[in-house]
Structures are given as C-alpha cells and as structure tokens.
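A quick write-up on the structure given underneath.
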Amino acid sequence: MTSLASSAAASANADDRAQREAAMPLWQQIETALLRDIRAGLIGEGDKLPSAFDLAKRFGVNRHTVRRAIEALEERGFLRTETGRGSFVQEHPYHYPIGRRTRFGKAMHDLNVESRYRLIEACTQSPPRAVARSLGLLAGERVHRVVYSSEVEGRTVDHSEAWFPAARFPGLDKVFADQLSVTRTLAEFGVRDYLRKHTAVMARLPSAEVARVLGQSTRRPVLCVHSLNVDPQGAPVQFGVTSFAGDWVQLMVSNEN
C-alpha cells in the first residue's frame, strides 16, 4: 500500500513538473532539457554540445530559439563557447594560488595537470611609464618585454606580458625563449628565489589580441592580474600583466608560500 502511494505521489510530481515546463517559453524548455542531460551525465564535462542546427532539429524549433537557450546556460556557468569551435559543457576551473611565491608551473604540477608556456613575442624596449615606476627604473633605462600564453592540458588559459630590467638581465629575452619559464630564466641570472610584492586583480574586457589568444569573444570579461615580483633583497625583478580566461582559472589568494 505504501509502495502504491509512493508511486502515485511520484507520478503526480512528474505530471506537475511536465505542466510547469510546458508553460515555459520554448527556449527555456530547451534550456531545462539540456541542463537535465548535463546533470544526468549524458553530456559530460568538456563534451561539445550538438550544433545549433542539430538541436533545432531535435526540438523542432528555429536556431535562434536554441541559441537563446545556450546563451542562458552559458550565463549560468554550465556552458562555455569557444570562437569557431562551438559550445562545450563547462569543466571545473583550475585553482591557481596567489601567495608570496606564485609559480604557475608548480601550481599546475600540484594539480597533476600538464602545462607549458608558449612564447608569442620577446624584445627589448623603452618601458611604459607605469612599468618603469613599478620596476624603479631611471629615465632612459630599458626593459625586456616578453609576451606569452600558458597552456594547460592543451587549452590556452591566459595571456601574459612581463617586463624585466634590461640592465640587470642582459639577453633575458633570448634566455626566456630557450627556457620558457620565468623561474628558470631568473635562475640563469642568479635569482634563485623571488617573492610576490603585490597583486591587483580586476575584471575587464580583453583586447582583440588577448581575446584571439584565449579563443574567446571580446565581449566576455577576463580576470586581469597586475603583479610585481622582487628578489629576496626587495629589488624588483619582474612586472607582469596577465589576463586569465575566467572560465578556466580560479584565483585563490593564499598567505602561504
């Protein structure tokens, strides 16, 4: 008897849910159906969603209605869209601790994931005013500017610009191109340890170049991190600006090393 009552209650609840969903706009019904598939594991983390054309055919609607459902799921953090590739089920982001000793490679190693830098550009130039001020440079002093991206498990997760005092680190741009690591590059010049003096984090819209490297729209914000690293004696060794893809990286402020 109890079993029959439970079955009747479950059937009634299912009927109520079906009625509520039927009263929703079409795009919201599709959003609900896709979310149900994701939560049931029918579409796993990192899996690509069927095309808008295929989904429109499945639900018997036009592609505009499907795109509205996809945009809603993207806004809620269940999907991410990569320019030219399509929509994917959002994975859990990589946790990147920011503390006294911030090392991207070590953070990814601790997560047991593969990571590497990809060099985009390296040159020697006069520094922007803000960079010269942060590095404590005198008028006329030059810097090495290195632009690179970080790839984790084959995915580009950030775009970085880093400036180093040229007088202290002659030829650093070439050393970085060989080492593809800030830590190993500085170690080549005798700086075997360095500390994070300050970090500033803000959300902003990316430039066209940053968006291109990250494979995202210029309308989607990135986490922009301005940082200054110093040697154990407190002398500045690197000023950096890194734009993280917010879908892929979660910044964690830590008081530990």
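The values are calculated or read from the model by the stated rules, or taken from the named source; none is laboratory data. Note that the structure is a prediction, hence the values are computed from the model and not measured. Cβ sites come from the backbone with ideal geometry, for glycine too, and all protein chains shown count toward neighbours.
Remarks
- Residue match in segment 227-246 (condition: touching a residue at least 12 places away in the same chain (Cβ under 8 Å), among the acidic types (Asp, Glu) and surrounded by fewer than 20 Cβ atoms within 10 Å (Cβ to Cβ)): yes
- Residues of segment 88-130 that are free of Cβ contacts under 8 Å to residues at least 24 places away in the same chain, touching a Gly at 6+ places or on another chain (Cβ under 9 Å) and outside any loop (DSSP other than H, G, I, E, B): none at all.
- Some residue of segment 75-95 being out of contact with any Phe, Trp or Tyr (no Cβ under 6 Å at 6 or more places or on another chain) and within 20 Å of Arg196 (Cα to Cα): yes
- Residue satisfying condition, being modelled with pLDDT under 95 and touching a strand residue (DSSP E or B) at 6+ places or on another chain (Cβ under 9 Å), within set Glu161, Glu91: Glu91
- Only residues that are of a type outside the set (S, T, N, Q), surrounded by fewer than 18 Cβ atoms within 10 Å (Cβ to Cβ) and closer than 16 Å to Tyr148 by Cα were counted across segment 201-225, and they come to 4.
- If you go through segment 159-169 and keep only what is of a type outside the set (S, T, N, Q) and not in a loop (DSSP other than H, G, I, E, B), you end up with His159, Glu161, Ala162, Trp163, Phe164, Pro165.
- Of the residues making up segment 76-97, just one is within 10 Å of Glu31 (Cβ to Cβ) and either of a type in the set (Ser, Thr, Tyr) or loosely packed, with under 15 Cβ neighbours inside 10 Å (or both), namely Arg76.
- Matching residues, segment 44-60, being at pLDDT 90 or above and under 13 Å from Phe78 (Cβ atoms): Leu49
- A Cβ distance below 8 Å, combined with a sequence gap of six or more or placement on separate chains, defines the contacts here; from segment 160-171, residues that are aliphatic (A, V, I, L, M) reach residues that are in a loop (DSSP other than H, G, I, E, B) in the pairs Ala166/Glu141; Ala166/Arg142; Ala167/Glu141; Ala167/Arg142.
- A single member of Val237, Val225 is aliphatic (A, V, I, L, M), under 30 Å from Thr83 (Cα atoms) and touching a Leu at 6+ places or on another chain (Cβ under 8 Å), and it is Val225.
- Residues located in segment 219-251, provided they are among the aliphatic types (A, V, I, L, M) and more than 13 Å from the chain's Cα centre (by Cα): Leu228, Val230, Ala235, Val237, Val241
- Filtered residue count, segment 70-87, keeping only those that are among the polar types (S, T, N, Q) and part of a strand (DSSP E or B): 2
- Residue that is farthest from the chain's Cα centre (by Cα) [pool: residues in segment 24-44 that are of a type in the set (A, V, I, L, M, F, W, C) and assigned to a helix (DSSP H, G or I)]: Leu26
- If you go through segment 108-139 and keep only what is among the polar types (S, T, N, Q) and either under 20 Å from Ala167 (Cα atoms) or surrounded by 13 or more Cβ atoms within 10 Å (Cβ to Cβ) (or both), you end up with Ser115, Thr124, Gln125, Ser126, Ser134.
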